[in-house]
Structure formats: C-alpha cells, structure tokens
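Everything below concerns the one structure shown next.
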Amino acid sequence: MARKLAAGNWKMNGTGEALGEIDALVAAHPAPICDVLICPPSTLLSRMSDRTNATKIATGGQDCHANSNGAHTGDISAQMIADAGGSFVIVGHSERRADHGETDADVATKAKAVWDANLIAVICVGETLAEREAGQTIDVVAGQLAGSIPDGATGANTVIAYEPVWAIGTGKVPTLDEIAAVHADIRARLSQRFGSHGTDMSILYGGSVKPSNADDIFAVPDVDGALVGGASLKADDFGGIISALERA
Ligand code: PGA
C-alpha cells in the first residue's frame with residue numbers, strides 16, 4: 001500500500017521569520033496520521049529540521065546536484081541535505097526542467113544521488129498546456145516516467161509527483177476525471193515496471209492544491225497525497241490540506 005503524503009515545496013520563498021509557520025503547523029497538527037514533508041529553501045533547511053526534529057514532520061531539499069561534492073559553485077548535494085536534517089529531495093520539478101534545462105536523464109541521475117545519500121526522491125512529471133491541448137498528456141508523462149525513474153525504485157525510496165505545468169501556481173486544476181486518468185496510467189506503468197514496488201510508490205498530485213479542493217482531489221483513486229507550492233507557505237492552508245488527507 002502506498003503511504004499518504006502531504007508535501008510542501010516552499011520554492012524560493014521564506015527567510016528566518018517564516019519558521020514561525022512551522023511552529024504553528026506543529027502546534028495545530030502535533031500527530032498527523034499521514035506523512036508530512038516540507039522542502040524549504042536550502043538556507044532554512046537546517047533551522048527547520050531542528051524545529052521539526054522531535055515531530056512527525058519531515059524536511060527535504062528542492063533539488064540536488066548529481067555528485068556528492070566537488071567544484072560546483074552554488075550547488076548542494078544530497079549528502080548535504082541529509083546532513084542538514086532532510087530526508088527527501090524533490091528532483092525534476094518542472095521549474096528546474098524549464099529554468100535549468102534539466103532532462104529526464106539528468107533527473108534520473110539526481111534521483112540515484114538521492115538514494116545514495118539514503119534519502120527519498122520525489123520525482124516530478126507533468127505536461128505543459130500545449131501538450132495537454134495536443135492530446136499528448138499520457139504519452140508525455142509516460143516518457144518522463146520511463147526516463148526519469150532509475151531502475152531500483154521502490155515505495156521506500158521514491159515518491160512520484162504528477163504536476164501538470166499549466167496548473168502550477170495558476171489556480172487552474174484539471175478535472176477530477178482528468179487527474180484520475182493520469183494517476184491510473186501512472187500506477188499501471190509503475191506496477192508493470194516495478195511490480196509490487198510500483199504498487200507501493202506514493203503518487204502525489206500537484207498544481208494549485210488548496211484546502212478548498214483537497215478533499216475532492218484526495219478522493220480520486222491513486223492520488224496518495226499532494227505536492228503543494230503556494231498553499232504550503234501558511235500553516236493554516238497547509239494544515240487544512242493535511243486535515244483533508246487525514247480524512248481521505
Ligand atoms: P502550487 O505549486 O501549489 O503553487 O500550484 C505546486 C508545485 O509546484 O509543486
């Protein structure tokens with residue numbers, strides 16, 4: 001069985017004062033019955049991990065370099081994320097793919113680096129608006145899954161996040177039927193390639209998830225949680241999404 005996970009991606013948002021949101025989240029949700037993850041900017045990771053250490057909230061990175069160390073100015077490695085208290089790393093987010101030209105092969109290499117550091121990779125896939133309008137969603141996502149997930153993926157080392165690019169930060173969300181169709185196809189491909197490990201992998205939906213739409217999205221088969229951007233920045237909003245996942 002796939003675990004339920006509410007994952008927050010703070011992106012390039014938050015300085016020290018934003019850590020108060022973590023304290024508020026812990027106070028409101030001291031013992032969530034689903035897994036909870038927050039991936040802050042790397043400048044906050046260690047401080048956030050110190051605050052969540054004794055709680056059920058996990059922390060993680062938003063990206064990592066494929067190597068564990070070396071002459072790569074500005075980059076951080078999965079080992080460094082682990083050292084700062086993180087236990088997950090998001091790889092292949094569409095903003096990384098678009099802003100930094102990351103390919104499926106790059107994402108797969110990074111996912112392996114995440115595993116080498118004994119962390120869990122959150123591997124992101126999703127189509128653009130043009131691809132959806134051209135009827136290519138299933139093919140595009142299938143290609144990204146095939147190219148971005150290394151052999152050896154299991155439910156213990158990998159989470160998949162389906163995030164339609166056009167739904168990220170836009171307030172636009174696919175219909176529940178559209179989400180169901182993609183998640184069912186992802187589950188079928190994971191099971192075909194990885195057997196029971198594919199059944200165990202959590203598949204998150206991401207893109208404009210809010211407390212107001214979370215219950216409906218979490219009721220869709222094979223949606224095991226959410227990867228949340230904007231609504232993860234405020235304890236009230238993210239807490240509402242956690243509550244919805246607990247009810248699902
Ligand atoms: P959003 O971002 O929730 O702000 O749409 C989702 C994401 O990019 O993970």
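For region 105-134, give me each residue that is closer than 19 Å to K172 by Cα, part of a helix (DSSP H, G or I) and either touching a residue at least 40 places away in the same chain (Cβ under 8 Å) or open to solvent by less than 60 Å² (accessible area, probe 1.4 Å) (or both). Working first, answer last.
So the first thing to find is which residues in region 105-134 are closer than 19 Å to K172 by Cα, and the list is 124-134.
Applying the additional criterion that residues be part of a helix (DSSP H, G or I) yields 129-133.
Result: E131, R132.
Pick out the one residue from A134, A113, A130 that is of a type in the set (G, A, S) and under 24 Å from L45 (Cβ atoms). Break it down stepwise before answering.
Details: A134 fails: under 24 Å from L45 (Cβ atoms); A130 fails: under 24 Å from L45 (Cβ atoms).
Criteria check complete, one pass: A113.
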Of all the residues that make up region 172-216, how many are within 16 Å of the ligand (Cβ to nearest atom), more than 18 Å from the chain's Cα centre (by Cα) and of a type in the set (G, A, S)? 1
Scope region 53-104; condition touching a helix residue (DSSP H, G or I) at 6+ places or on another chain (Cβ under 6 Å), within 19 Å of Y162 (Cα to Cα) and not in a loop (DSSP other than H, G, I, E, B); matching residues: G61, V89, V91, S94, D104
Given the criterion in contact with a His (Cβ under 6 Å, 6 or more places away or on another chain), more than 16 Å from the ligand (Cβ to nearest atom), touching a residue at least 40 places away in the same chain (Cβ under 8 Å) and not small (G, A, S), identify the matching residue among T154, T137. T154
What do you reckon, is G20 more than 24 Å from S202 (Cβ to Cβ), without any contact (Cβ under 8 Å) to a residue 40 or more places away in the chain, open to solvent by less than 70 Å² (accessible area, probe 1.4 Å) and out of contact with any helix residue (DSSP H, G or I) (no Cβ under 9 Å at 6 or more places or on another chain)? no
Being of a type in the set (A, V, I, L, M, F, W, C) and open to solvent by 10 Å² or more (accessible area, probe 1.4 Å) is the filter; apply it to region 86-104 and report the residue that is farthest from G143 (Cα to Cα). F88
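The values are calculated or read from the model by the stated rules, or taken from the named source; none is laboratory data. This one's a predicted model, so the numbers in the text were calculated from it and none came from an experiment. Ideal geometry is used to build each Cβ from the backbone, glycine not excepted, and the neighbour counts take in all protein chains shown. Each accessible area value is taken on the protein alone, full model and side chains, heavy atoms only, with ligands, DNA and RNA left out. Shrake-Rupley method; radii C 1.70, N 1.55, O 1.52, S 1.80 Å.
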